[in-house]
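A short reminder: the numbers here are calculations on the coordinates, not readings from a lab. The structure presented is a predicted model; accordingly, all values stated were derived computationally and were not measured. Here the Cβ is made from the backbone with ideal geometry for all residues, glycine too, and neighbour counts use every protein chain on show.
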Amino acid sequence: MPVKKQAVRIAAKGSVKANKAVRTSGYGHGSCTKKCGHGSSKYGGSSTKKSGYGCKKKSEYGYKTEKKVCKTVKYVCKPVSKKTCKKAVVARKSAFRAVSAIAQSVIAGATVQVNYGIEQYDLGREYNPATSTFRPKQSGIYSFIASVFFTSTNDPASFGLAITVNGVPVATETTSSASGGVTLDVSTIVKLRSGDDVQVEFFTSLAGSIVPSSATHFEGVLNRITK
């Protein structure tokens, strides 16, 4: 075959290949090749489309660009209920203890207030050793213990010890003895109001003396505050 005719035939083959490439690309422009999963004889019958517009989706009306619709999500914030916090009532420290300072003479048949002149401790500053009186600063439930050691002659006698609130006995303990000395104690739990006066009273049918010792003491403590 002559060289000239051979060159023409090769050029013709190259042109056919170029045309096939153009028909295969669909639109013939763009750089991204995306697989759509559809074939079409109109655009070359290939499942691979080369297009700058992205992937086309086939419908009954032809190909159209697939669009994604993003819906705005609304967050509904419910108001948080406020918790009602009750203010805690802080109780002041209230406790005391006192003992007798000196001997206290008592005549027969008399009722006297017992003197506890030595204050050992008083957390709330509510006990007055000069008057042997406890006066609470806050209302509440209190516990008290009182004790005396009394000596007299060896004649039989009766004795009584009482815790009083504003002069009225709230707890009383009595005993009788034929010996020359006796230890008597009394205790109670009582509800007090702020400003009440708590004292200790002693009664004897025989003259004698309250002895200052560790057995003669008066003490109290706040158990619980009240309104």
Checklist entry - Any residue at all in region 126-134 that is within 22 Å of Ile107 (Cβ to Cβ), of a type in the set (Asp, Glu) and touching a residue at least 12 places away in the same chain (Cβ under 8 Å)? => result no
Item to check | Counted residues, region 120-174 - those being under 23 Å from Ser209 (Cα atoms), part of a strand (DSSP E or B) and among the charged types (D, E, K, R) | outcome: 1
Checklist entry - For residues in region 174-208 being of a type in the set (S, T, N, Q) and free of Cβ contacts under 8 Å to residues at least 40 places away in the same chain, which is surrounded by the most Cβ atoms within 10 Å (Cβ to Cβ)? => result Ser177
